[in-house]
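The values are calculated or read from the model by the stated rules, or taken from the named source; none is laboratory data. Computed from a prediction, not measured in an experiment: that's the story for all the values here. FYI the Cβ positions are ideal-geometry reconstructions off the backbone, even for glycines, and counts take in every protein chain you see. Ligands, DNA and RNA are stripped out before the accessible areas are found, and what is left, the full protein with its side chains, is counted by its heavy atoms. Shrake-Rupley method; radii C 1.70, N 1.55, O 1.52, S 1.80 Å.
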Amino acid sequence: ILLCCSSGLTTGYFANRVNQFCKLNQLPYTVDAMGVDELISIDKKYEMILLAPQIQYQMKRLKETIKESLFAVVDPATFATYDCAKLIQFVEKHLKGE
(Lines give C-alpha, C1' and ligand atoms only; values in the text may rest on other atoms or scores of the structure.)
Protein backbone atom coordinates (compact mmCIF):
# COMPACT_ATOMS: atom_id res chain seq x y z
CA ILE A 1 0.00 0.00 0.00
CA LEU A 2 1.23 3.48 -0.80
CA LEU A 3 0.07 6.61 1.01
CA CYS A 4 0.52 9.76 -0.99
CA CYS A 5 0.20 13.45 -0.07
CA SER A 6 1.66 16.72 -1.33
CA SER A 7 5.19 16.26 -0.04
CA GLY A 8 5.19 12.86 1.69
CA LEU A 9 5.80 14.23 5.18
CA THR A 10 2.32 13.76 6.61
CA THR A 11 1.85 10.40 4.96
CA GLY A 12 5.32 9.33 6.05
CA TYR A 13 4.32 9.79 9.68
CA PHE A 14 0.97 8.07 9.10
CA ALA A 15 2.64 5.17 7.24
CA ASN A 16 4.99 4.56 10.19
CA ARG A 17 2.05 4.44 12.57
CA VAL A 18 0.07 2.10 10.31
CA ASN A 19 3.06 -0.23 9.93
CA GLN A 20 3.43 -0.40 13.72
CA PHE A 21 -0.31 -1.07 14.04
CA CYS A 22 -0.11 -3.86 11.45
CA LYS A 23 2.88 -5.45 13.17
CA LEU A 24 1.20 -5.36 16.59
CA ASN A 25 -2.01 -6.82 15.15
CA GLN A 26 -0.23 -9.32 12.87
CA LEU A 27 -1.78 -7.87 9.73
CA PRO A 28 -0.25 -8.62 6.31
CA TYR A 29 0.15 -5.03 5.13
CA THR A 30 3.17 -2.87 4.45
CA VAL A 31 2.66 0.83 3.91
CA ASP A 32 5.05 3.21 2.13
CA ALA A 33 4.65 6.95 1.67
CA MET A 34 5.75 9.57 -0.83
CA GLY A 35 4.86 12.92 -2.29
CA VAL A 36 2.58 13.07 -5.29
CA ASP A 37 5.32 14.43 -7.57
CA GLU A 38 7.40 11.30 -6.94
CA LEU A 39 4.49 9.00 -7.70
CA ILE A 40 4.82 9.18 -11.47
CA SER A 41 8.37 7.80 -11.35
CA ILE A 42 7.74 4.81 -9.04
CA ASP A 43 9.04 1.51 -10.28
CA LYS A 44 7.49 -0.63 -7.54
CA LYS A 45 3.95 -1.84 -8.11
CA TYR A 46 1.50 -1.16 -5.33
CA GLU A 47 -1.72 -3.06 -4.95
CA MET A 48 -3.35 0.10 -3.65
CA ILE A 49 -2.48 3.78 -3.68
CA LEU A 50 -4.21 5.94 -1.10
CA LEU A 51 -4.37 9.67 -1.69
CA ALA A 52 -4.55 12.19 1.11
CA PRO A 53 -7.77 14.25 0.97
CA GLN A 54 -5.92 17.41 -0.06
CA ILE A 55 -4.67 15.85 -3.31
CA GLN A 56 -7.78 13.95 -4.35
CA TYR A 57 -8.17 16.33 -7.29
CA GLN A 58 -5.17 14.56 -8.87
CA MET A 59 -6.76 11.10 -8.88
CA LYS A 60 -8.00 11.17 -12.49
CA ARG A 61 -4.56 12.12 -13.83
CA LEU A 62 -2.81 9.50 -11.69
CA LYS A 63 -5.22 6.72 -12.69
CA GLU A 64 -4.48 7.44 -16.34
CA THR A 65 -0.75 7.15 -15.73
CA ILE A 66 -0.62 4.29 -13.20
CA LYS A 67 -3.22 1.84 -14.44
CA GLU A 68 -2.30 -1.31 -12.53
CA SER A 69 -3.04 0.03 -9.02
CA LEU A 70 -6.31 0.52 -7.19
CA PHE A 71 -6.75 4.16 -6.13
CA ALA A 72 -8.79 5.58 -3.26
CA VAL A 73 -8.94 8.78 -1.23
CA VAL A 74 -8.55 8.49 2.52
CA ASP A 75 -11.46 9.85 4.52
CA PRO A 76 -10.53 13.30 5.90
CA ALA A 77 -11.39 12.35 9.51
CA THR A 78 -9.28 9.18 9.31
CA PHE A 79 -6.38 11.10 7.81
CA ALA A 80 -6.59 14.00 10.27
CA THR A 81 -6.60 11.72 13.32
CA TYR A 82 -4.13 9.13 11.98
CA ASP A 83 -6.68 6.44 12.81
CA CYS A 84 -4.81 3.27 11.84
CA ALA A 85 -7.70 0.90 12.53
CA LYS A 86 -10.08 2.88 10.33
CA LEU A 87 -7.50 3.10 7.57
CA ILE A 88 -7.02 -0.68 7.58
CA GLN A 89 -10.81 -1.20 7.54
CA PHE A 90 -10.99 1.19 4.58
CA VAL A 91 -8.21 -0.67 2.75
CA GLU A 92 -9.79 -4.07 3.34
CA LYS A 93 -13.18 -2.83 2.13
CA HIS A 94 -11.68 -1.46 -1.09
CA LEU A 95 -9.51 -4.50 -1.74
CA LYS A 96 -12.62 -6.67 -1.52
CA GLY A 97 -14.31 -4.40 -4.06
CA GLU A 98 -16.98 -3.05 -1.72
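Which is the longest stretch in the chain that no exposed loop site breaks, taking sites as trypsin sites (Lys or Arg not before Pro) with a DSSP loop state and at most 10 other Cβ atoms within 10 Å? Could the numbers behind the result be given before it?
Details: sites that count: 44, 45, 67, 96.
No qualifying site falls inside 1-43, the longest such stretch.
When P(r) over Cα pairs in 10 Å bins from 0, in percent is calculated for this entry, the matching label among [x] 16, 56, 27, 1; [y] 13, 28, 25, 19, 11, 4, 0; [z] 16, 48, 25, 9, 2 is [x].
What FRET efficiency would be calculated for the residue pair residue 20, residue 94, taking the C-beta separation as r and a Förster radius of 22 Å, to the nearest 0.05? Result of the calculation: an efficiency of 0.55.
Would you be so kind as to identify which of 18, 62, 88 lies farthest towards the positive end of the dipole of the chain, taking Lys and Arg as +1 and Asp and Glu as -1 on Cβ and the Cα centre as origin? It is 88. Based on DSSP, what percent of beta bridges with both residues in the chain are antiparallel, to the nearest 5? Given both bridge residues lie in the chain, the antiparallel proportion sits at roughly 0 percent.
Taking only protein heavy atoms into account and a 1.4 Å probe, give the accessible area per residue of the chain in Å².
Numbers: 5830 Å² over 98 residues.
Using a 1.4 Å probe on heavy atoms only, each residue of the chain averages 60 Å².
Assuming charge only on the beta carbon of Lys and Arg (+1) and of Asp and Glu (-1), the dipole of the stretch 38-87 about its Cα centre is about 140 debye to the nearest 20.
Once you order the gyration tensor axes a ≥ b ≥ c over the Cα atoms, which shape class does the stretch 55-98 get: rounded for a/c under 1.5, otherwise prolate or oblate by comparing a/b with b/c? Before the final figure, lay out the partial values.
Values: a/c = 3.19, a/b = 1.44, b/c = 2.22.
Oblate, because a/c is 1.5 or more while a/b does not exceed b/c.
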